[in-house]
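One structure is given below, encoded as structure tokens.
Nothing in this text is a laboratory measurement; each read-out follows from the coordinates by a stated rule. None of the values given here were measured: they were computed from a predicted structure. Note: ideal-geometry Cβ built from the backbone for every residue, glycine included; neighbour counts use all protein chains shown.
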Amino acid sequence: MKRIALISTLFAGALLIWGTRDFPSWGDPNAPASRHVSPTYIERTVEETHIPNAVTSVLGDYRGYDTMFETVVIFCAGIVVISVLRRPDA
Amino acid sequence: MIWQIDLLLLTLVVICGVTTIFLKDLLAATLVFSVYSFLMCLLWAEMGAVDVAFTEATVGAGVSTMLFIATILRTTRRSKD
Amino acid sequence: MNVEPSIWPLAAVLISLLGTVPILLSDRRPNLREAWTVLISLGKFAIIAAMLPAVLEGGGYRFTLAEVLPGVAIALRVDAMGMYFALVASFLWILTSIYSIGYMRALNEHDQTRYYASFAVAMSATIGVAFSANLLTLYLFYEMLSLSTYPLVTHKQDDEARSAGRKYLTYLLGTSVAFTLPAMILIYTLTGTLDFTAGGILAGKADASTVSLLLVLLVFGFAKAAVMPLHGWLPAAMVAPTPVSSFLHGVAVVKVGVFSILRVVFFIFGTGLLADLNLGVVLTTLASITIIVASLVALTQDNLKRRLAYSTIGQLSYMILGAGMLTAAGMTGGLLHLSMHAFGKITLFLCAGAIYIAAHKSNISEMDGLGRRMPVTYGAFFLASLSIIGMPPLGGFLSKWSLVIGAIDGGQLLLVAVVLVSSLLNAAYFFPIVYRGFFARAAEGNGREEVREAPVLCLIPLSITALFCLGLFLWPSLALQLIQLVVSP
Amino acid sequence: MSPTNLHMYALAAPLIGAFAVMVVGRYSRRAVAPLVLGVLSFSFAAALTVFLQVLSGGGFRYVVGNWLAPYGIELSVDHLGSLMQLLVSGVALTASVSAVKSVAKDLEDRQHLFFTLYLILIAGLHGLVLTADAFNVYVLLEIASITAYGLIALGKGRAVVSSFNYVIMGSTGACFYLLGIGYLYILTGTLNMADLARIIPTLESGAALATAFSFCIVGLWIKMAFFPLHVWLPNAYSDMPDGAAVLVAPLMTKVTIYLMIRFMFSIFSPAYEFIQHAGVQQIVVGVAAVGIVCASAMALAQKNLRRMLTYLIVAEVGYMVGGVWLANAQGMTGAILHIVNDALMTLCLFLAVSAIAYHEGALDFHRLRGLYRRMPVTMAAFTVGALSMIGVPPTCGFFSKWYLILGGIEAGQWLYVGALIFSSLVNAVLFFRVIEIAYFRMPDADAPGTGHGAVQVREAPAMMLQPLVVAAAALIGVGLATGPLVQHVIRVALPGGF
Amino acid sequence: MDAILSEIIAKYNYWIYVVLMMIGFYAMIGKNNLVKKLLGMNIFQTAIILMFISSGVKKGGLIPVLDKQAALEHGVNSALINNPVPHVLMLTAIVVSVSVTGVALALMQRIYRRYGTLEENEILEKMDR
Amino acid sequence: MKTDHSLPQDRPIGPSLIIEVGVRIMIPFIQLFGLYVIAHGHYSPGGGFQGGVVLGASFILMAIAFDLKTSLRFFSLRANAVMASSGVFIYTGTGVLCALVGGMFLDYSALDAILTLGPVEWRSMGVFIVELGVGLAVTAIMASLFWDLSSGGDMDKGL
């Protein structure tokens, strides 16, 4: 078991490192991730939502759908823990 | 950002990670993991992700560790690997 | 040649399927239940007979339920070949039903309601096969038949019945999934349709090796035809009650297998294509081997029903042999043998059942002298065996004669020999039974004196079928007319 | 057609219902069932309306929060998506009718917790089938998984261990998927599927793209229990409470396969998967074939009905993954059709299992003796489900198998075709073994021939029988409707230029 | 040599995250103790978070909290501000990770109550018996 | 490494005055900070989730410093369940409300139809509302997670 784990770990790691070959350099302001969608958020957040914290505006509004489910996830976790552990009468 | 600090933090993070995995005392492992989370949090703060760093500080180093400790105290500290 | 859309084919199929409802509902009232059974069988025959005139005029009916795949629908179509088979099957079903009532009551069998219900479903499936308009519909009803006869085969519910049932389903479902289904899909990929079309659909669409692969797949895929080596289920299934055996052999299951093979040979491959590629020899070889081997094995069987079972295996291959000759006379013979054998073999099974009811004997060696106590039964048995052997003036003669002519037409003299030799073998395994019945002296003190004829409800059907063996020789015109429409449309 | 909000209501109804159940259920147990059924009926009606609208007016893309893609999160309510939404809501409604009854018996005092998780799971599945955003998929997958962990853990005995294993495997899968998405994000800077599909062909196909693709796919494979990553599934699914199994077993793997289709054809393209990496395609189809054979063989070794079915689920996953990777229209049609059909078949079988378990408890084979007499309706429906699994027409299982084999022949994947046929044969053996036991073996020492009334008919409550009969009827209904379904829905929905 | 060095400078962040991911992944599937598996899972998650956050960094970038007035009056130069999208995504991922951790810990307590151990092989032994 | 395997509640730990007083003073400040983090998420790092965790942590701290019963006195289980549900409901309900008044799901600017503030201001407002929901839910769930895990579910004795 440990051997399989080690082999698959090494394999996955090697694959991931191989994959970084095509990556833009670290901190490159011209990386695709920094150029395609995100500048729009930064430029328009104040104008479109009146929220200067871009993280909050993206979290709460632009990608609010994700955040809604994120809240549901934590709610689920609470329910699961209650249903797994808590005695019914408590 | 300063790459020397960055590198130092990264090295420490890796050391903490490995230690977490190989400590036989689970309580100690959890505490080392808490340190790991805190170092991560520093790393992210340094990378400009303050929100994430804040969250990691409260969740990873705080609540998550508390949950681990609660469980370990209710079960066992021993681990065979 | 007009094929009208009509609800009648569906009605013919569904009547007995829907009939299971009143049968199941009258679970506690045997008289009512059996009245339903007979009524439904009569109704079914009436519906089918009502469609006969149109078919004889060269027309027919069709009904499309739903187009489930592009170009392939679940659809029914009444044509001469289907009509021919449906007429035989539905007529014999009436007799089998009546006989069942006598048999089941005489032996006070358990779970009769389930028995009649399964019977009705199986009949629906049989007519469905007869009236299928394409290979998919045929496959559907073919599977339905396998499943609905399972409770019949395992009716006894003891260990022997269980293992027989397992064998039955393994062979039939296994081959249909493993051989028929891939063949069907292959045909669909090649042609884009599965409709039965006079003259076949494969011509020009597939090369010789594919066609021969398909042919082998389909001949073995329809394992109900019991072509060796996939015949093992048939003797095993003899554990079933005798009406079931007669149903299996005479009316439905094995005939459905042969019918399916003939269907695909005539309407999917097309005799022309097979003749061009010289593939008839595949069929005739397989059939010849089965005929001879099965007849030889039959000689060694002491259990009457098992001997009849091996006889059936051999006789079925006559029909495939006829198709494989690819001559008009051969095909006529093959198709004709379908009904001739049906009437003959059902008589034999009904007789075997009657003997079992009356004397509780199932081994031939124990049947010495029974014939004198049960003259009607043995007389019918004698007539039917003559028909199967192929003696004039009985129906079997016509079909075998036609086969011989067909073989000579096709210049396949070896096949003539096969037919003749096997007829001799037939005689060799049938005559001892009759001889023992009438002439052998039974050992003293085995209670032979108390043996009476079976109940009259059993005797009537078997007398009727025996007389039909005779009648079909004298008036074969209807059968020949229908066959004519198939062979040279 | 103009966008409506109906599909969102179909999603939000179970979600809001879940909170209501959580609060109300603490005070009144009796209110739980009507609430659950009401919410799910509404959701089903909405999904049906959306489906019909899409059929008549075509699909549309919906932007949540009115932020145009790629800035906001986009949902795609197209033929495939709304078909899946209809499937999810239909199966959920049918399953819940039965679950209401069996949960009231099994988990009397935790009903409200159970149904809270249950409804959230349904909402998560609704979200999964609609979303057109790669990261949103991750969040929703986690919702579905966490609720499933909880539902499994509510089972008896070693369910907690099975659940924990599922947690570890499921998280591995999710992490892999997230890694892949991370790579894609670094390469493209977007998470919207359509936007990704636009950008990816402009990138040179290199190491990072291949890594991203393989990690996402492997992550999804773990989540859907594709052989040999299936080890968590049989335990998890057989230890669940019955009320949960009737929902989770039919839907979870199927929705994940749907996600794989979305991922492969909405983000990447057939050109990427099948032309640039044709060798991989061979391998995947081969593994699928091996998986089908192995899972079927393992199903043969089981002595418990429910465990047997769980292995069959693994085999069916092989069918669909193989079908997708056949890389032709027939295979894709077969795979999508099989998603629908397999959901219904699994629903029917698990409903039957749950109905049997209502009185019998454990489902070891020897306890099934004489079941045809005690539970004729249940066993009749079970038989229909079994026939569909074997692939006997006119049940729907036949038709999807037909398309899959057709695709296999077209692609020349004879190993896969052979595996399909082999597994049909094994299914026949498996189910007839069960049927034989239930049909022949007498539970007690009552001799055959005692006639009627010797064994008491003791069916499960009507609340559990009705959905079962509906599911069995659906198997035949969908089978007969295969033609229109394929022609008007699946052919239109075929992604990626097939 | 220079090329290699610049490659290292450019990518070492990503490599470290791969190392962390390997540690976590190995612990998840290779370790016998359930707590260790869970710690491994958390390490795996943080490794992924590290990767995402790294992808959002711009050299000399500022945190993505703007000055409202200045932004309204002069607009924003997005090249100077770190990419907020990975931050948002990773907030969600952290929540998911803590949720899963909570669930797994609860399960672990039940397992311990039932089997008296947290070693996977011992649990399996006791389960068979 | 030598470890002590006995559970902590078997060990006599007397109440420590320093801790109790310290925590008593700290908790209001922590909670105030939590509320600030939720409310000020628009302008500084933080938001519903982080604030919620801080608020939840205050109850966790209470449970550790005193005992579980004390924290339950301030925050009953019933209130906890209602708060968690209503927190998530606020978020989902806002989304549905936006759809009901004629916009897209979660399109806060559509709420302008109810009360005229201007679409952009409503966006800001909407984010605040949902962050509040998140905060409520997270507070409740974090506390409940810790209670359950530290007491094994029986809500009797804590750590």
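Based on every Cα atom in segment D:282-498, Rg and the maximum pairwise Cα distance Dmax equal 18.4, 63 Å. Normalised by 2.2 N^0.38 Å, where N is the number of residues, the alpha-carbon radius of gyration of chain D equals 0.94. Using the Stokes-Einstein relation with a Kirkwood hydrodynamic radius computed over Cα pairs, the translational diffusion coefficient of segment B:3-74 at 4 °C and a viscosity of 1.567 mPa s comes to 104 µm²/s. Its Cα gyration tensor gives segment D:156-202 an equivalent ellipsoid. The semi-axes, each the square root of 5 times an eigenvalue, are 36, 9, 6 Å from largest down. Comparing Cα centroids, segment C:101-128 and segment D:95-121 end up 44 angstrom apart.
Gyration tensor over the Cα atoms of segment C:171-263: the corresponding equivalent ellipsoid has semi-axes (square roots of 5 times the eigenvalues, largest first) of 29, 13, 10 Å. Rg and Dmax, both from the Cα atoms of segment D:164-286 and both in Å, are 15.7, 49. Treating each Cα of segment C:77-197 as an identical point scatterer and summing with the Debye formula, the log10 of I(q)/I(0) at q = 0.17, 0.18 Å⁻¹ comes to -0.96, -1.04. Separation of segment E:66-129 from segment C:287-365 is 75 Å, based on Cα centroids. Projecting the Cα atoms of C:Thr332, D:Pro270, D:Leu6 onto the dipole axis of the protein assembly as shown, where Lys and Arg carry +1 and Asp and Glu carry -1 at the beta carbon, places C:Thr332 farthest toward the positive end. Seen against the Cα atoms of chain B and their longest principal axis, helix B:3-22 is set at about 10 degrees. From the largest down, segment C:279-489 spans 58, 33, 20 angstrom on the principal axes of its Cα atoms.
Over chain D, DSSP H runs of length four or greater, each weighted -39,500 (n - 2.57), average out per residue to a 222 nm ellipticity of -24500 deg cm²/dmol.
Return the Rg/Rh ratio of segment D:334-409 with Cα-based radii and a Kirkwood Rh.
Details: Rg = 14.4 Å, Rh = 13.3 Å.
My calculation puts Rg/Rh at 1.09.
By the count of neighbouring beta-carbon atoms within 10 Å, fewest first, E:Glu73, E:Glu122 end up ordered E:Glu73, E:Glu122.
Apply the Debye scattering formula to segment C:244-296, with a single equal point scatterer on each alpha-carbon and no solvent, then give log10 I(q)/I(0) at q = 0.12, 0.15, 0.23, 0.31 Å⁻¹. Reported log10 I(q)/I(0), two decimals: -0.37, -0.55, -0.95, -1.06.
Please work out the ratio of the alpha-carbon Rg of the protein assembly as shown to 2.2 N^0.38 Å and round it to two decimals.
The value comes to 1.06.
Counted by neighbouring Cβ atoms within 10 Å, the residues C:Ile15, C:Ile405 run from fewest to most as C:Ile405, C:Ile15. What FRET efficiency would be calculated for the residue pair F:Thr116, F:Arg73, taking the C-beta separation as r and a Förster radius of 41 Å, to the nearest 0.05? For R0 = 41 Å, the calculated efficiency reads 0.40. Taking all Cα-Cα distances within segment D:86-193, those exceeding 19 Å account for 54%. Restricting the calculation to Cα atoms, segment F:15-151 shows an Rg/Rh of 1.09 when the hydrodynamic-style radius is the Kirkwood one. Using Cβ point charges alone (K and R +1, D and E -1), the dipole size of the protein assembly as shown about the Cα centre works out to roughly 3520 debye.
Each principal axis of the Cα cloud of segment C:16-161 was taken in turn, and the coordinate range along them, longest first, works out to 47, 32, 26 Å.
Based on a Kirkwood Rh over C-alpha pairs, give the Stokes-Einstein translational diffusion coefficient of segment D:7-161 at 20 °C and viscosity 1.002 mPa s in µm²/s.
D, rounded to a whole number, is 133 µm²/s.
Dividing the alpha-carbon radius of gyration of segment C:1-70 by 2.2 N^0.38 Å (N being the number of residues), what value is obtained?
That works out to 1.41 for segment C:1-70.
Note that segment C:384-400 has calculated 3J(HN,Hα) couplings of 5, 5, 4, 4, 5, 5, x, 8, x, x, 10, x, x, 4, 4, 5, 5 Hz, one per residue in order, obtained from phi through the Karplus relation 6.51 cos²θ - 1.76 cosθ + 1.60 (θ = phi - 60°); glycine and proline are x.
Modelled spin labels at C:Asp27 and F:Ile18, positioned 7 Å past Cα toward Cβ, are 8.2 nm from each other.
In degrees from 0 to 90, rounded to the nearest 10, what is the angle of the helix C:328-359 Cα long axis to the longest principal axis of chain C? Around 30 degrees separate the two axes. Using bins of 10 Å that start at zero, the share of Cα-Cα pairs per bin across segment E:2-128 amounts to 12, 27, 25, 18, 11, 6, 1, 0, in whole %.
When the protein assembly as shown is described by a simple charge dipole with +1 on each Lys and Arg Cβ and -1 on each Asp and Glu Cβ, the residue from C:Thr284, F:Leu32, D:Val64 located farthest towards its positive end is C:Thr284. Each helix, a run of at least 4 DSSP H residues, gives -39500 (n - 2.57); summed and divided by the residues of chain C, these come to -23500 deg cm²/dmol at 222 nm. Contact order for segment F:16-159, expressed relative to its length and based on alpha carbon pairs under 8 Å spaced 6+ residues apart, stands at 29 percent. Taking every alpha-carbon pair under 8 Å whose residues sit at least 6 apart, segment E:1-104 reaches a relative contact order of 24 percent. For segment C:357-463, the normalised intensity computed at q = 0.16, 0.21 Å⁻¹ comes to -0.77, -1.06 (log10 of I(q)/I(0), Debye sum over alpha carbons, equal scatterers, no solvent). Under 5 Å from the amide H of C:Ser132 lie the amide H atoms of C:Arg77, each residue being 5 or more positions distant or on a separate chain, with H modelled from the backbone and absent for Pro and chain starts.
The phi-based Karplus calculation (6.51 cos²θ - 1.76 cosθ + 1.60; θ = phi - 60°) puts the 3J(HN,Hα) values of segment E:69-76 at 4, 4, 5, 5, 7, 10, x, 10 Hz, whole numbers, x for Gly and Pro.
Computed from point charges on the beta carbon alone (+1 for Lys and Arg, -1 for Asp and Glu), the dipole magnitude for chain E about its Cα centre is near 400 Debye.
Each of C:Val281, E:Val76, D:Val429, E:Val57 was scored by other Cβ atoms within 10 Å of its Cβ. Arranged with the fewest first, they read C:Val281, D:Val429, E:Val76, E:Val57. Backbone geometry of segment E:30-35 corresponds, through the Karplus equation with coefficients 6.51, -1.76 and 1.60 at θ = phi - 60°, to 3J(HN,Hα) couplings of x, 7, 8, 7, 5, 5 Hz, x marking Gly and Pro. Each label was represented as a point 7 Å from its Cα along the Cα-to-Cβ direction; for C:Leu56 and E:Leu5 these points are 10.6 nm apart.
Size descriptors for chain C (Cα atoms only): Rg and Dmax, in that order, 21.2, 71 Å. Once the convex hull of all Cα atoms in segment C:118-174 is built, its volume per residue stands at 54 Å³.
The distance linking segment B:4-75 with segment D:129-144 is 28 Å (Cα centroid to Cα centroid, whole angstrom).
Taking the C-alpha atoms only, the angle from helix E:84-115 to the longest principal axis of chain E is near 10 degrees.
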